Each structure stands twice: as C-alpha cells, then as structure tokens.
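Novice: Take a look at this one; I'll ask things after.
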Amino acid sequence: MYHNLMNRFLGLLKKLEPLFVFLGVGAIVLIPFQIRNFSNQEGKNALDLLLVLTERAETPTSLKIFKRIVDGQPILLENKGPYAEEDLDDFLNNYESVGSAYSRKLISLELACDWFGDNINEINKNKEISKYFSENNPKYFEKLKMLATDFNNSNCNQ
C-alpha cells in the first residue's frame, strides 16, 4: 500500500512538472522587477526622510538662527544675541538628525550635501557655534560634526 501511494504521488508530481517549471521561470522573470521596485522604494524613503529633515530645519526660529549665523550676528543671550542655549540646541539637533541619517546610511553624502551642505558648512564656520561645541560634552552633536568633516573632505559646496 505504501508503495502504491508513493507511485501515485510521484505520478502527480510528474503531471504537475510543467506547472512547477512555469512558476519557477515566472519567479525568476519577476526578480528584476522586484529589485527595481525595492530600489525605487529606497529612493522614495530617502526622499521622504529628506523632506521631513528639511521641514524640521525650516521652523521660524531655526530660520532666524540661521540668518544670524550667515550674517555673523551673535546668537546666544550670553553673547548679546536673542536666543537661549535650548534654542540653539534645538536648531543644531535638526542638523544632528541629518548627520545621524547619513551615518546610518539612510541618505548618501551627496544627498546630504545637496540638501543641507550650505547650511552645515555655514554652521561649521561659525565661531560662536565652534566655541559652543568646545564648551560642551564632545559627544553632543557628534554626527553633525562628523558630517561637516566629511563635507570638508569631499569639497561639498566649496
């Protein structure tokens, strides 16, 4: 009986063989489309992330702080500027998020440079912010500082 059941099963498999070949070839043909779709999804995810990071960096307070950086005006209250350290921390944390996304390979150096290079280069050149970095825990804003270094090494926006 076991032998008879096995023969019937093998006979069924033999009849279904063309179907298995068809499905296997179909799966192989679909793989490039699935890879392309995955690649497109990665690109969409990076774009979505860049849009969120840009939105965070363009709050009214952040834009005002950035204008003061570009104009060379004092930022912090202790330097006769209008902002508390918490405001500057919030501003810098926006760019720390960009550095974090880059360090986790969620965005490339080229994308980070294209979207945020000018801003990060201006932040990196600002003496008040450099002093602020040196007076605080070196771990603070380490991803932002690492990204600024990578920008300098790659001549981003130079």
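Novice: Using 0.36 nm per residue, how much length does the chain from Val52 to Lys64 gain when fully extended, once their Cα-Cα distance is taken away?
Specialist: Going from the current span to full extension adds 2.4 nm.
Novice: Roughly how many nanometres apart are two label points built 7 Å out from the Cα toward the Cβ at Asn79 and Ser103?
Specialist: Going by the 7 Å Cα→Cβ label model, 2.3 nm.
Novice: Set the Förster radius R0 to 22 Å, insert the Cβ-Cβ distance between Asp114 and Asp90 as r into 1/(1 + (r/R0)^6), and round the FRET efficiency to 0.05.
Specialist: The formula returns an efficiency of 0.40 here.
Novice: I would also like to ask the following. Just to check I understand the Karplus step: with θ = phi - 60° and J = 6.51 cos²θ - 1.76 cosθ + 1.60, what whole-Hz values come out for region 108-117, glycine and proline as x?
Specialist: Once rounded to whole Hz, the list reads 7, 4, 4, 5, 4, 5, 4, 8, 10, x.
Values in this text are rule-based calculations from the coordinates and carry no lab data. The structure presented is a predicted model; accordingly, all values stated were derived computationally and were not measured. Every residue, glycine among them, receives a Cβ derived from its backbone with ideal geometry; neighbour counts consider all protein chains shown.
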